[in-house]
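**Student:** This structure is in structure tokens; I'll ask about it shortly.
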Amino acid sequence: MSLCETCIFPGMCCRYFALQTEEGDWLNTTNYPTSRSIYEILRILKVPFKPLMIDKKGNWLFWCPNLKINGKCGDYEYRPKLCKDYKEATGKMCIYSEKCTQSTLSIKEKELAKTVNVNSP
Ligand code: SF4
Ligand code: SF4
């Protein structure tokens with residue numbers, strides 16, 4: 001049985017989170033100052049996430065409309081690769097992780113990282 005199946009707060013890892021590239025760049029208001037551009041980035045990344053708010057550091061926080069009320073993914077089979085790669089108890093979003101911040105979810109795919117890196121050609 002996986003940890004997720006016995007989680008005391010299932011789906012906490014999908015409720016709100018920031019996005020970070022492999023290079024460590026955050027999707028924030030410095031790199032992406034308008035809501036229009038952040039929607040464009042989400043479209044390019046092919047993720048279902050929606051902007052929720054901007055945190056104190058200027059980072060965009062997102063929510064996922066696929067999260068069901070019971071904390072399960074409503075599109076589990078076709079969820080984005082970064083969700084598939086996410087490991088419970090190790091990622092910063094998991095409440096069982098020592099590093100838990102509940103606001104970060106890394107983009108692990110290099111192509112995506114390049115896509116969202118404003119310094120890339
Ligand atoms: S990844 Fe962590 S917070 Fe998310 S459902 Fe699984 S155990 Fe819970
Ligand atoms: S697609 Fe599924 S696994 Fe990914 S953030 Fe949304 S609800 Fe969570």
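**Student:** I want to confirm something. Restricting to region 75-93 and keeping residues that are among the charged types (D, E, K, R) and near ligand 2 (Cβ under 9 Å from one of its atoms), which single residue is modelled with the lowest pLDDT?
**Tutor:** Lys84
**Student:** Only residues that are touching a residue at least 24 places away in the same chain (Cβ under 8 Å) and either in a loop (DSSP other than H, G, I, E, B) or under 14 Å from Thr34 (Cα atoms) (or both): list them for region 54-66, please. Show your work before the answer.
**Tutor:** Keep residues of region 54-66 that are touching a residue at least 24 places away in the same chain (Cβ under 8 Å), which gives 54-55, 57-64, 66.
Matches in region 54-66: Ile54, Asp55, Lys57, Gly58, Asn59, Trp60, Leu61, Cys64, Asn66.
**Student:** Anything in region 16-43 that is within 14 Å of ligand 2 (Cβ to nearest atom) and modelled with pLDDT of 85 or more? List them, or say none.
**Tutor:** Leu42
**Student:** Please tell me if Glu40 is assigned to a helix (DSSP H, G or I), within 16 Å of ligand 1 (Cβ to nearest atom) and surrounded by fewer than 16 Cβ atoms within 10 Å (Cβ to Cβ).
**Tutor:** For Glu40, the condition - assigned to a helix (DSSP H, G or I), within 16 Å of ligand 1 (Cβ to nearest atom) and surrounded by fewer than 16 Cβ atoms within 10 Å (Cβ to Cβ) - is not met.
**Student:** Within region 44-71, track down each residue that is near ligand 2 (Cβ under 8 Å from one of its atoms) and loosely packed, with under 15 Cβ neighbours inside 10 Å.
**Tutor:** Passing the criteria: Pro65, Lys68.
**Student:** Let me ask something else. For region 1-37, enumerate the residues that are in a loop (DSSP other than H, G, I, E, B), free of Cβ contacts under 8 Å to residues at least 24 places away in the same chain and farther than 26 Å from Gly71 by Cα.
**Tutor:** Gly24, Pro33, Thr34
**Student:** Hey, among Tyr16, Tyr78, which residue is of a type in the set (Phe, Trp, Tyr) and away from ligand 1 (no atom under 16 Å from the Cβ)?
**Tutor:** Tyr78
**Student:** What number of residues in region 67-82 are assigned to a loop (DSSP other than H, G, I, E, B) and among the hydroxyl-bearing types (Ser, Thr, Tyr)?
**Tutor:** 0
**Student:** Now a separate question. Being among the charged types (D, E, K, R) and closer than 27 Å to Glu98 by Cα is the requirement here; does Lys46 meet it?
**Tutor:** When the stated conditions are applied, Lys46 does not pass them.
The values are calculated or read from the model by the stated rules, or taken from the named source; none is laboratory data. Being a predicted model, the structure only gives us computed values, none of them experimental. Ideal geometry is used to build each Cβ from the backbone, glycine not excepted, and the neighbour counts take in all protein chains shown.
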